[in-house]
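The values are calculated or read from the model by the stated rules, or taken from the named source; none is laboratory data. Since the model is a prediction, treat every value here as computed from it, not as a measurement. Note that each Cβ is placed from the backbone with ideal geometry, even for glycine, and that neighbours are counted across all protein chains shown.
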Amino acid sequence: DIQLTQSPSSLSASVGDRVTITCRAGQNIGSYLNWYQQKPGKAPELLIHAISNLQIGVPSRFSGSGSRTEFTLTISSLQPEDFATYYCQQSYNTPLTFGPGTTVEVK
Amino acid sequence: QVQLQESGPGLVKPSQTLSLTCTVSGDSINNGNYYWSWIRQPAGKGLEWIGRIYFTGSINYNPSLKSRVTISLDMSKSQFSLKLTSVTAADTAIYYCARDAGPSSTSFYDFWGQGTLVTVSS
């Protein structure tokens with residue numbers, strides 16, 4: 001199985017802050033990396049697929065970058081609705097795996 | 001708009017079989033552009049991929065669950081189902097069904113059901 005790690009596991013931030021979350025894969029996964037946002041009591045929602053492709057309807061303050069084994073999700077200016085948990089997910093091979101999550105909390 | 005809705009018992013006794021169904025609307029389950037997947041999440045924990053099925057009947061399972069899992073399709077009802085046998089408390093989780101764009105793209109889940117909590121307890 002391809003292991004994904006995320007850092008930090010949680011962070012505290014204020015509205016307007018720039019937030020960066022890192023996802024590292026245990027092997028080269030090329031461009032097969034996606035990002036999801038999950039709010040309490042809700043299903044995850046797709047933010048970005050294939051490293052940097054913004055899902056339709058997702059605000060442009062979200063962006064993704066990276067390659068091979070290291071990937072980044074950036075929120076350029078944190079908004080109140082962005083306080084949530086973020087997961088990366090690899091689709092390079094099965095079993096598809098998710099990172100452990102990063103919780104963005106109010107500072 | 002594509003919608004997925006999980007249904008099934010919320011309480012299952014240990015050693016018994018967990019059975020869930022996902023009903024798909026707004027898309028055809030025999031759309032060759034998608035896999036149909038099951039994912040679960042224990043309370044307060046991360047996401048675990050259970051498996052997926054393609055309209056041809058091709059299936060992939062998570063090896064960690066493979067001996068206990070069966071995923072099937074009912075195209076006439078636009079549904080796909082999950083069966084997990086010999087459940088224990090460790091199988092208590094929110095179970096999600098989701099649409100996976102894998103066959104036509106890199107795999108990602110663009111539509112999810114709302115999730116259903118299944119508790120394993122006597």
Check your understanding: Given the structure, is B:VAL24 farther than 21 Å from A:ASP1 by Cα, at pLDDT 95 or above and more than 8 Å from chain A (Cβ to nearest Cβ)?
Key -> yes
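Being surrounded by 18 or more Cβ atoms within 10 Å (Cβ to Cβ) and closer than 30 Å to A:GLY30 by Cα is true for just one of B:VAL69, B:VAL87, B:VAL12. Which residue is that?
B:VAL69
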Exercise for review: List the number of the failed condition for A:HIS49; all other conditions in (1) surrounded by fewer than 18 Cβ atoms within 10 Å (Cβ to Cβ); (2) within 14 Å of the chain's Cα centre (by Cα) hold.
Suggested key: (1)
Exercise for review: Determine which single condition A:THR20 fails, assuming it passes every other condition in (1) in a loop (DSSP other than H, G, I, E, B); (2) under 11 Å from the mean Cα position of the chain (by Cα).
Suggested key: (1)
Review point. When you scan segment A:55-90, how many residues do you find that are over 13 Å from the mean Cα position of the chain (by Cα) and either part of a strand (DSSP E or B) or modelled with pLDDT under 95 (or both)?
Key: 1
Review point. Filtering segment A:1-46 down to residues that are buried (at least 18 other Cβ atoms within 10 Å of the Cβ) and of a type in the set (Gly, Ala, Ser), which residue is farthest from the other protein chains (Cβ to nearest Cβ)?
Key: A:ALA25
Exercise for review: Could you tell me whether any residue of segment A:77-92 is without any contact (Cβ under 8 Å) to a residue 12 or more places away in the chain, within 11 Å of another protein chain (Cβ to nearest Cβ) and more than 19 Å from B:GLY102 (Cβ to Cβ)?
Suggested key: no
Practice item. Quickly run through segment B:40-65 and pick out the residues that are in contact with a strand residue (DSSP E or B) (Cβ under 9 Å, 6 or more places away or on another chain), loosely packed, with under 14 Cβ neighbours inside 10 Å and within 13 Å of A:PRO95 (Cβ to Cβ). Key: B:SER64
Practice item. Could you please give the count of residues in segment B:102-111 that are crowded, with 20+ Cβ neighbours inside 10 Å and either touching a residue at least 40 places away in the same chain (Cβ under 8 Å) or more than 7 Å from chain A (Cβ to nearest Cβ) (or both)? Key: 4
Exercise for review: Could you pull out the residue among A:ILE2, A:ILE21 that is touching a strand residue (DSSP E or B) at 6+ places or on another chain (Cβ under 7 Å) and under 19 Å from B:TRP49 (Cβ atoms)?
Suggested key: A:ILE2
Study note, to complete from the structure: Given (1) more than 13 Å from chain A (Cβ to nearest Cβ); (2) touching a residue at least 60 places away in the same chain (Cβ under 8 Å); (3) surrounded by 20 or more Cβ atoms within 10 Å (Cβ to Cβ), B:CYS97 misses just (1)
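Against the condition within 12 Å of another protein chain (Cβ to nearest Cβ) and modelled with pLDDT under 95, how does B:GLY44 come out, does it pass? Break it down into steps so the answer makes sense when it comes.
Numbers: within 12 Å of another protein chain (Cβ to nearest Cβ): yes; modelled with pLDDT under 95: yes.
So B:GLY44 passes the test.
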Check your understanding: Tell me, which residue of segment A:93-107 that is outside any loop (DSSP other than H, G, I, E, B) and away from chain B (no Cβ under 14 Å) is farthest from A:TYR32 (Cα to Cα)?
Key -> A:VAL106
